[in-house]
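Take a look at the structure set out below.
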Amino acid sequence: MDRVENVGDDLSRKARIAVLGAGWAGLAAAMTLAESGMRVTVLEAARVVGGRARRVEHNGVALDNGLHILIGAYRETLRMVRQLGGSGERDPGLLRLPLDLHIPGKFRLRAARLPAPLHLAAGLLWAQGLSLGERVRAARCMGRLRSMRFRLSEDVSVAALLARLRESDTARRYLWEPLCVSALNTGPDEASAQVFLNVLRDSLHGRRADSDLLLPARDLSALFPEPAVRWLESAGNEVRTGCTVDALSAGAAGFAVRSSAGEEHFDQVICALPPFRVAQVLDPIPALHPTLATIEALRHAPIYSVYLQYARAARLPQSMLGFDGGFAQWAFDRGRLCGQDGLIGVVISARGRHQDIDQAALARSVQAELAAQFPALGAPHWTRVIAEKRGTFACTVGVSRPAQRTPVPGLYLAGDYTASDYPATLESAVRSGVACARMVLDSVG
Ligand SMILES: Cc1cc2nc3c(=O)[nH]c(=O)nc-3n(C[C@H](O)[C@H](O)[C@H](O)COP(=O)(O)OP(=O)(O)OC[C@H]3O[C@@H](n4cnc5c(N)ncnc54)[C@H](O)[C@@H]3O)c2cc1C
C-alpha cells in the first residue's frame, strides 16, 4: 500500500492519539487513523503483534496460538488484508475455498456452482450423510430463516431455535451444531440464536463468495498484524511492543497513560485491550464503572489447538476436515496450507470435556482420533497443545456488550467483545477498530 501523502489538516496532525493493544482491532483502528493523516502511538504488551490471532514459535516452527478460519463475508478484514498485500492478489496470504464441510464417512455439504442462494439450496439437497427427507427439511429450514429475514423477535438458544424449526437430529449434529460451535465458540444450548442467524445471513445467504472459506496460508502475525505495523511505521507512526499499559486516567487536558515506559499524555485513546484486561486498566475513570461492569459480566470460553508434527510426507486428503464424536472438531493440514509438511493442527472450540484432562492426555486422544481415520499418518514426532482459556467471550442468549463510544469523550473501546451483530471474530474486532477510528476522525472534523 502507498504511504499516505495527503496528511490532512493541522488539527488532525497535532492530536495525540494512543491505541492500547496491537491485536487486530487495535491495528485496524491505527491503520484507519493513519490513512487519514493522523499520527498514532500504539502500545502493545507482547513482543509479537496480533493478540489472540498471532504467531507462536515452537521448536523453530511458526505455529499460531489458534487455528483460524475466515469467511468471504469478512468484508472489513479482507479489505485490510488486501490493502496491505501489495501484490494485487485477491486474497494475499489466504487460500480461498468454496464452502465444503466434510466429516469423512459421515457428512459432506458442498456449495454448488450456482449463483446465491441456489448454491446453498442445491448444496443442502445434495448433502451426503442426510436422508432425502432430512435434506429437504434442512433446505426448508434455510428457507424459513430467509423468510424470517434471519431475525427473531426474541433471542433464544440455538438449540431451542433448531427444535422450533423441527430440524432433524442428523442435520443438527453434523451441520448446525458444528457451525454454531465454530462461529460462536459457544455450545448450542447456550449460544445466541440471533447472533448465529446474523452469521448465517451474511455467509450462507449473501453472495456466493461470502460463503467461501479462507484459510491462512501464512502465520497469523504475518497475515495482517506485522504488515500493518510496517506500514504504520513507514507512515511515521509509532508501534511500541513490550510496553504494558497499567492504567489510564482522564483529566481536563486529555488522558494520562501509565505504562512500563512511564507516563504519557494523549488527547484521545482507543482502548483495544482484551476484555479481561480492560477493567484493570480503565478502573481509575469512575464514569466508566457501569461500562466496566458490563465487560466484567462477560463469561469466557476456551479454544484449544493441538498441533501434531508427522513425517513430512504425511497428508490429509483435504486442507480442512471435520471430526465427530471425540475431542477433535476440525483438522487443518498445514503442509497443504502453509508448506509446513506433515504438520496437522486440530481445533477444539467452546467449553467441554477437553478442559478436564491434562494436555499430554488430550494430545494422545487427538492423535488416536486422527489415526482411526487416517492410519497412514503414522506416529507424530512431537505434539503441542495451546490452550487459550479465555479464547473469546461466550456468545450466550441476550449477551450484553459495551458500545465502542464510552461516556467519556475521547475514549473509545475496540475489540471483538464490543457491540456488534457478529460473535467474537476477527471481523468483529476489525470492524470495531475501524468504527472507533471513524469516531475519532469525526471528532477532529
Ligand atoms: C484459539 C483461537 C481461535 C480463534 N479462531 C477464530 C477463527 O477461526 N475465526 C475468527 O474470525 N476468529 C477466531 N478467533 C477470535 C479472534 O482471534 C479474536 O476475535 C480476535 O483476534 C480479537 O482481536 P482483538 O484485537 O479484539 O483482541 P486481542 O487479540 O486480544 O488484542 C488485544 C491486544 O492487547 C494486548 N494487551 C493486553 N494487555 C495489555 C496491556 N496491559 N498493555 C498493552 N497491551 C496489552 C494483547 O497482547 C493483544 O495484542 C479465535 C480466537 C482464539 C483465541
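The values are calculated or read from the model by the stated rules, or taken from the named source; none is laboratory data. Just so it is clear, the structure is predicted and the values come from calculations on it, not from any experiment. Using ideal geometry, Cβ is built from the backbone for each residue, glycine included, and neighbour counts are taken over all protein chains shown. What goes into the accessible areas is simple: the full protein's heavy atoms, side chains included, and nothing from ligands, DNA or RNA. Shrake-Rupley method; radii C 1.70, N 1.55, O 1.52, S 1.80 Å.
For this structure, a couple of remarks:
- Of the candidates Ala111, Ala116, Ala160, the single residue that is in contact with a Ser or Thr (Cβ under 9 Å, 6 or more places away or on another chain), open to solvent by 30 Å² or more (accessible area, probe 1.4 Å) and among the aliphatic types (A, V, I, L, M) is Ala116.
- Filter result for Leu370 (outside any strand (DSSP E or B) and in contact with a Leu (Cβ under 7 Å, 6 or more places away or on another chain)): yes
- Test: Asp324 is over 21 Å from the mean Cα position of the chain (by Cα) and in contact (Cβ under 8 Å) with a residue 24 or more places away in the chain: yes
- Taken together, Glu177, Glu190, Glu154 contain a single residue that is open to solvent by 40 Å² or more (accessible area, probe 1.4 Å), more than 30 Å from Ser305 (Cα to Cα) and within 26 Å of the chain's Cα centre (by Cα), which is Glu154.
Residue-wise test of (1) within 12 Å of the ligand (Cβ to nearest atom); (2) basic (Lys, Arg); (3) part of a loop (DSSP other than H, G, I, E, B).
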site: Gly206; (1), (2), (3): no, no, yes
site: Cys243; (1), (2), (3): yes, no, yes
site: Ala250; (1), (2), (3): no, no, no
site: Phe276; (1), (2), (3): yes, no, no
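Here's the yes/no breakdown for (1) in contact with a helix residue (DSSP H, G or I) (Cβ under 9 Å, 6 or more places away or on another chain); (2) in contact (Cβ under 8 Å) with a residue 12 or more places away in the chain:
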site	(1), (2)
Arg144	no, yes
Ser153	no, no
Val158	yes, yes
Arg172	yes, yes
Leu175	yes, yes
Pro188	yes, yes
Ser192	yes, yes
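- Residue among Arg55, Arg47 that is within 16 Å of the chain's Cα centre (by Cα), open to solvent by 10 Å² or more (accessible area, probe 1.4 Å) and more than 9 Å from the ligand (Cβ to nearest atom): Arg55
- Some residue of segment 373-387 being buried (at least 20 other Cβ atoms within 10 Å of the Cβ) and near the ligand (Cβ under 9 Å from one of its atoms): no
- Of all the listed residues (Arg390, Arg431), the sole one being buried (at least 21 other Cβ atoms within 10 Å of the Cβ), within 13 Å of the ligand (Cβ to nearest atom) and of a type in the set (D, E, K, R) is Arg431.
- Filter result (assigned to a helix (DSSP H, G or I), within 16 Å of the ligand (Cβ to nearest atom) and among the hydroxyl-bearing types (Ser, Thr, Tyr)) within segment 160-187: Ser182
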